[in-house]
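First comes the structure, then the notes that go with it.
The values are calculated or read from the model by the stated rules, or taken from the named source; none is laboratory data. Just so you know, these numbers come straight off a predicted model, no measurement behind them. Cβ atoms come from the backbone with ideal geometry, glycine included; neighbour counts cover every protein chain shown. Just so you know, the surface numbers come from the protein's heavy atoms only, side chains and all, with ligands and any DNA or RNA stripped out. Shrake-Rupley method; radii C 1.70, N 1.55, O 1.52, S 1.80 Å.
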Amino acid sequence: MHHTAVFAPPSLPGVADSVLDLIGETPVVRLNRLAPAGGAQVVVKLEGRNPGGSAKDRPALALVRDAEASGALRPGAAIVESTSGNTGIGLALVGRVTGHPVVIVHGGTMSPEKLAVLRLYGAELIEADWAAGPDDPDNPRAVADRIAIERSGWRSHQYDNPANPGAHYRHTGPEIWRQTGGRITHLVAGIGTGGTISGTGRYLREVSGDQVRIVGANPTGSTYGGGLPGIVRVEGVGTTWPRSHWPQNLDTSVPHEIRTIPDDVAAATVRDLAAQEGLLVGPSSGLAVAVALEVAADLDERHVVLAIAPDSGTNYLTLLAR
Ligand code: PMP
């Protein structure tokens, strides 16, 4: 039989048609040792189980689909983005499958593991200067803007594009509500672009009749919790605003509170999760779980605190092995 390029094989019951169909539906697990017995349940949603290894696969797919549908991203055109890593990995993965070359501008602060993953997905990597201010031409966002124009490419604008929180509103929020049988009382999520907390948090507030409390996790050095900007060490979260861009995707009416946690507490929590719970997660997951444990300490067994763990520790082995 002659097979053309459009030949679609018959579907098989337990087989995904493409890796894109494996995005989402991530598992949730209870912490049985780190959370005190008899108190609030602390449970963790393992976004590292997405095919690209992080929560950012969800917005990456939504951003690309949305831009293809609107015509902003034409067939075969380049996807260009400035990112600390996981959005780039998500876009690189989605770009492979949908036939778009991907150019990632990074600030030189990405873990070696994430850089290797991006190279394996065939992304083109360009290094800019993370310390350059918003008006400096070497700023990663400015470099990405320039390259997008040169190559007639499309920028996903993950910090401001509503398709990012939209993916979490449509998928992450409903999954959590279903997985906890509607018994979640507190959501804890780190804030990078704000997509996760704004989309997931808005859904959970709406579906529960405003009974779920939304708590943001902010690393030392970041100004989401107020104060002055310093150095943010936890990858993927925090802001140095007003030294950097303020994300339109952070809907400040969604979180009830934002708690700031020192880097060493987030790092210690990563080690505790691995050694005591058998869960190998990344630094921003340690941050979110540290806040969840703090929140749970004041609650009783009627409460369910869910922390989002955005990625796996395998992205940071060089860092964690130190
Ligand atoms: N943790 C990691 C490791 C991330 O890559 C990101 C995405 N920047 C976040 C947390 C925060 O997610 P969001 O951008 O949706 O706020």
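I'd like to check which helices (runs of 4 or more DSSP H) are fully inside the range 254-322 and have at least 3 residues that are within 19 Å of the chain's Cα centre (by Cα).
Qualifying helices (runs of 4 or more DSSP H): 263-277, 283-296.
Filter the range 6-36 for residues that are aliphatic (A, V, I, L, M) and touching a Lys or Arg at 6+ places or on another chain (Cβ under 8 Å) and give the result.
Residues satisfying the conditions are I23, V28.
Can you tell me which condition V143 does not meet? The list is (1) assigned to a strand (DSSP E or B); (2) touching a Ser or Thr at 6+ places or on another chain (Cβ under 9 Å), and all the others hold.
If we test V143 against (1) assigned to a strand (DSSP E or B); (2) touching a Ser or Thr at 6+ places or on another chain (Cβ under 9 Å), just (1) comes out false.
Would you mind telling me which numbered condition in (1) out of contact with any Lys or Arg (no Cβ under 7 Å at 6 or more places or on another chain); (2) more than 12 Å from the ligand (Cβ to nearest atom) H186 fails?
(1)
For the range 279-292, how many residues are more than 12 Å from the ligand (Cβ to nearest atom), within 17 Å of L317 (Cβ to Cβ) and open to solvent by less than 60 Å² (accessible area, probe 1.4 Å)?
Counting residues in the range 279-292 that are more than 12 Å from the ligand (Cβ to nearest atom), within 17 Å of L317 (Cβ to Cβ) and open to solvent by less than 60 Å² (accessible area, probe 1.4 Å) gives 1.
Pick from E175, E150, E124: which is in the same structural domain as R233 (by TED's automatic domain parsing) and either away from the ligand (no atom under 14 Å from the Cβ) or of a type in the set (F, W, Y) (or both)?
Going through E175, E150, E124 in turn, just one is in the same structural domain as R233 (by TED's automatic domain parsing) and either away from the ligand (no atom under 14 Å from the Cβ) or of a type in the set (F, W, Y) (or both): E175.
Just for the range 194-209: of the residues that are without any contact (Cβ under 8 Å) to a residue 40 or more places away in the chain and of a type outside the set (A, V, I, L, M, F, W, C), which one is least open to solvent (accessible area, probe 1.4 Å)?
G199
Could you say whether any residue in the range 210-224 is assigned to a helix (DSSP H, G or I) and surrounded by fewer than 19 Cβ atoms within 10 Å (Cβ to Cβ)?
No, every residue in the range 210-224 fails to be assigned to a helix (DSSP H, G or I) and surrounded by fewer than 19 Cβ atoms within 10 Å (Cβ to Cβ).
Does the range 43-56 contain any residue that is basic (K, R) and within 25 Å of H157 (Cβ to Cβ)?
Quick first cut of the range 43-56, residues basic (K, R) only: 45, 49, 56.
Still in the list and also within 25 Å of H157 (Cβ to Cβ): 56.
Checked the range 43-56: at least one residue is basic (K, R) and within 25 Å of H157 (Cβ to Cβ).
Return the residue satisfying two criteria in turn: it lies in the range 235-250 and is open to solvent by 60 Å² or more (accessible area, probe 1.4 Å) and either among the basic types (K, R) or within 14 Å of the ligand (Cβ to nearest atom) (or both), and of such residues it is modelled with the highest pLDDT.
Step by step, filter the range 235-250, then rank; the result is Q248.
Which fully enclosed strands (runs of 3 or more DSSP E) of the range 1-109 have 2 or more residues being surrounded by 20 or more Cβ atoms within 10 Å (Cβ to Cβ)?
41-46, 79-82, 102-106
Between a residue in the range 265-291 that is among the acidic types (D, E) and any residue that is in a helix (DSSP H, G or I), which pairs come within a Cβ distance under 9 Å, given they are 6 or more apart or on different chains?
D272/G286; D272/V289
Can you tell me which residue within the range 194-227, out of those that are more than 13 Å from the ligand (Cβ to nearest atom) and among the hydroxyl-bearing types (S, T, Y), is nearest to the chain's Cα centre (by Cα)?
If we take residues in the range 194-227 being more than 13 Å from the ligand (Cβ to nearest atom) and among the hydroxyl-bearing types (S, T, Y), then Y203 is nearest to the chain's Cα centre (by Cα).
State yes or no: is T252 in contact with a Phe, Trp or Tyr (Cβ under 8 Å, 6 or more places away or on another chain) and either in contact (Cβ under 8 Å) with a residue 24 or more places away in the chain or within 29 Å of A142 (Cβ to Cβ) (or both)? Step through it out loud before you land on a result.
Working: in contact with a Phe, Trp or Tyr (Cβ under 8 Å, 6 or more places away or on another chain): no; either in contact (Cβ under 8 Å) with a residue 24 or more places away in the chain or within 29 Å of A142 (Cβ to Cβ) (or both): yes.
Against the criterion (in contact with a Phe, Trp or Tyr (Cβ under 8 Å, 6 or more places away or on another chain) and either in contact (Cβ under 8 Å) with a residue 24 or more places away in the chain or within 29 Å of A142 (Cβ to Cβ) (or both)), T252 does not qualify.
Which condition breaks for I231 when tested against (1) β-branched (V, I, T); (2) in contact with a helix residue (DSSP H, G or I) (Cβ under 9 Å, 6 or more places away or on another chain); (3) open to solvent by 50 Å² or more (accessible area, probe 1.4 Å)?
Single failed check for I231: (2).
Please give the number of the condition P165 fails out of (1) within 24 Å of V232 (Cβ to Cβ); (2) open to solvent by 70 Å² or more (accessible area, probe 1.4 Å); (3) not charged (D, E, K, R).
(2)
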